[in-house]
Amino acid sequence: VIISDARVAPLHGRPLARRLRRAGLATRLVTFPAGERYKTRRTKERIEDDLLRLEVGRDAAVLAVGGGVTGDLAGFVAATWQRGIPLVQVPTSLVAMVDAALGGKTAVNLPGGKNLVGSFHHPWGVYADMEALATLPEAPFREGLAEVVKTAAIADARLFEWLEGSLAPVRARRAATIETMVTRCIRIKRGIVERDPHEAGRRAVLNFGHTVAHALERVSGFRLSHGAAVAIGLCVEAGIACERTGFPSGHADRLERLLDLMGLPTRLPPTLDPRAIAAATRSDKKRRRGRARYALPVRLGSALPGHDPTVEVDDRELLRALAALRR
Ligand SMILES: NC(=O)c1ccc[n+]([C@@H]2O[C@H](COP(=O)([O-])OP(=O)(O)OC[C@H]3O[C@@H](n4cnc5c(N)ncnc54)[C@H](O)[C@@H]3O)[C@@H](O)[C@H]2O)c1
C-alpha cells in the first residue's frame, strides 16, 4: 500500500504504483490532503478505513511516499495496523531524506502540540531517489537545508566546510552535489540512531536548535515555518553554547553566515516576545522536571560528549542569547 499526500501522489506515488504493479506486486494507492494540518488522528482514521475497505492484511507493507508529514503519518498507520506491518520509507522532500524518514519516529499532532501521539516503528528500508527533489518547491527545499546545517554542526566539521564551499551548486540543486550532501547526512543520522534507536540518551544531539525552534513555532502561532524556526533556533542555541560549552564565537559566526547564505533567517523576528519564547521552551517535549534541555555543540562538528549531551539552561541565559539576535 502506497500512502502519499495529494500533491506527491500524482508526481511520485502513482508512477511508483505503476512500476510495482508491472513488477507483479499487488499495489494500492491511498492518499490524504497535503499539509501539516492533516497530520492528525482524523486523517489516520480515514486512511485506516481505506485499508479496511481494501482488505489490507498482515501480509501487506506500507510504502510512505512523500515528505515528512507522509512519513510520520503513514509510518504511524503501519505501526498500528493489525498490530504493526512492515514500513518502507520513500522520502521525496529534503527534510524527509536527511531526517524524517530515518530513525523510526512516527506520529500525528494533537491540537495541543506536535507529534504527541505516535510510536517508534523502524522502516525496513529507506529509498531516497534524488530525482524526486526536482519537483520540490523552493520553500520546502530550504527547510531541508536547515536540518542539513544542523547535522553538520553537531557531527561533521568536514561536511560543514564542504557546505561552505558548495553553496552555489547546493542552491542550484546540482544532482551530484545534492546526492553527496544527502548521503553524508543519512550516514550521520543512521550512525546516531542505530546506537540509540529509542532516544534513550545520545540521540538527543539531533535536537540542537530545536528546543528554541519549537518555542518559536508555537509563539508565532505556527506562522514561522519549521525550517525558519530551526535556522533561528540554531543561532540562538549557538549563542548559549558560546557561554556554556566554550563553543567558539567564530564558529557561531560561521554557522550564522552559512544559514544566511542558504536563504534562511538568522535574526529574531521583532514581533516575537522573548519572555513568551522562554515560557514556551518550558513546555517542550524534551523538558525534564519542567526545565528545558538543550543539546549543544562544543565546536563545529562536535556535540557535548557522553550518554546525555544536553544541559539545562535558565531563562536569563536564554534571554541574553535572544537579545543578541535582535541586534
Ligand atoms: N520523524 C522524524 O524523525 C521527523 C524528523 C523531522 C521532521 N519530521 C516531520 O516532518 C514534517 C515536515 O516534513 P516536510 O517538510 O517534508 O513536510 P511535508 O511532508 O508537508 O512536505 C512539504 C510539502 O512539499 C510537498 N512535497 C514533498 N515532496 C515533494 C516533491 N518531491 N515534489 C513536490 N512536492 C513535494 C508536500 O506535498 C508538502 O506540500 C513535520 O511534520 C515534522 O514533524 C519528522
Give me the percent of DSSP beta bridges within the chain that run antiparallel, rounded to the nearest 5.
-> 45 percent
Å² per residue, accessible surface of the range 151-215 at 1.4 Å | 44 Å²
Please list, in chain and number order, the residues 5+ apart from Leu63 or on another chain whose amide H is under 5 Å from its amide H, with Hs placed from the backbone.
-> Ile2, Ile3, Val88
Among 194-204, 59-69, 77-87, how do they line up from the highest to the lowest mean number of other beta-carbon atoms within 10 Å?
-> 59-69, 77-87, 194-204
With +1 on each Lys and Arg Cβ and -1 on each Asp and Glu Cβ, how big is the dipole of the range 40-121 about its Cα centre, in debye rounded to the nearest 20?
-> 220 debye
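Go through 207-218, 16-27, 89-100, 152-163 and give me the packing order, highest mean Cβ count within 10 Å leading.
Output ranking for 207-218, 16-27, 89-100, 152-163: 89-100, 207-218, 152-163, 16-27.
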Pop a pseudo-label 7 angstrom from the Cα along the beta-carbon direction at both Met130 and Ser249 and give the gap in nm to one decimal.
-> 4.0 nm
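First measure r as the distance between the Cβ atoms of Asp196 and Gln82, then evaluate 1/(1 + (r/R0)^6) with R0 = 35 Å and state the FRET efficiency to the nearest 0.05.
For Asp196 and Gln82, the calculated efficiency is 0.80.
Over the range 108-189, consider all pairs of different Cα atoms and compute the Kirkwood hydrodynamic radius from their mean reciprocal separation; express it in Å, one decimal. Could you put the intermediate results ahead of the total?
On the way: mean 1/r = 0.0688 Å⁻¹.
14.5 Å is the Kirkwood radius here.
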Computed Kirkwood radius, in angstrom, where 1/r is averaged over Cα pairs of the chain = 20.2 Å
How many nm is it between the label spots at Arg187 and Glu45, if each spot is 7 Å from the Cα in line with the beta carbon?
-> 4.6 nm
Cα centroids of the range 1-62 and the range 88-145: how far apart, whole angstrom?
-> 15 Å
Out of Thr27, Leu54, Thr80 - ranked by how far each Cα lies towards the positive end of the dipole of the range 13-82, with unit charges on the beta-carbon of charged residues - the top one is Thr27
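Let a ≥ b ≥ c be the square roots of the eigenvalues of the Cα gyration tensor of the range 23-114; is it rounded (a/c under 1.5), or, if not, prolate (a/b larger than b/c) or oblate? All intermediate terms of the calculation are to be shown ahead of the outcome.
Values: a/c = 1.70, a/b = 1.24, b/c = 1.37.
It comes out oblate by the Cα gyration axes.
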Using Cα atoms only, what is the angle between the long axis of helix 315-324 and the major principal axis of the chain, expressed in degrees (0 to 90) to the nearest 10?
-> 90 degrees
If you stretched the chain out fully between Ala168 and Arg282, how much longer would it get, using 0.36 nm times the residue separation minus the C-alpha to C-alpha distance?
-> 37.2 nm
Cβ-Cβ FRET estimate between Arg299 and Leu110, R0 fixed at 35 Å, reported to 0.05 | 0.40
Once both labels are modelled 7 Å past Cα along the beta-carbon direction, what's the Asp314-Ala139 spacing in nm?
-> 4.0 nm
List, in order, the whole-Hz ³J(HN,Hα) value for each residue of the range 70-85 obtained from phi through the Karplus relation with A = 6.51, B = -1.76, C = 1.60 and θ = phi - 60°; use x for Gly and Pro.
-> 5, x, 5, 6, 5, x, 5, 4, 4, 5, 10, 5, 6, 6, x, 10
Once the Cβ-Cβ distance between Arg58 and Leu11 is put in as r, and R0 is 30 Å, what FRET efficiency do you end up with, to the nearest 0.05?
-> 0.50
Over the range 132-204, with every protein chain in place, what whole percent of the accessible area is carbon and sulfur at 1.4 Å, could you tell me?
-> 51 percent
Taking only Cα atoms, what is the 0 to 90° angle, nearest 10, from helix 226-244's long axis to the longest principal axis of the chain?
-> 40 degrees
Note to self: with every protein chain in place and a 1.4 Å probe, the range 1-97 gives an accessible area per residue in Å² of 48 Å²
Checked against a 21 Å limit on the C-alpha separation, the offending pairs among Lys105/Lys189; Lys44/Lys150; Lys39/Lys189; Lys44/Lys189 are Lys44/Lys150; Lys39/Lys189; Lys44/Lys189
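The values are calculated or read from the model by the stated rules, or taken from the named source; none is laboratory data. What you see is a predicted model, and the numbers here were worked out from it, not measured in a lab. As a convention, Cβ positions derive from the backbone with ideal geometry for all residues, glycine included, and neighbour counts pool all protein chains shown. For the accessible areas, the whole protein counts, side chains as well, though only heavy atoms, and no ligand, DNA or RNA atoms are used. Shrake-Rupley method; radii C 1.70, N 1.55, O 1.52, S 1.80 Å.
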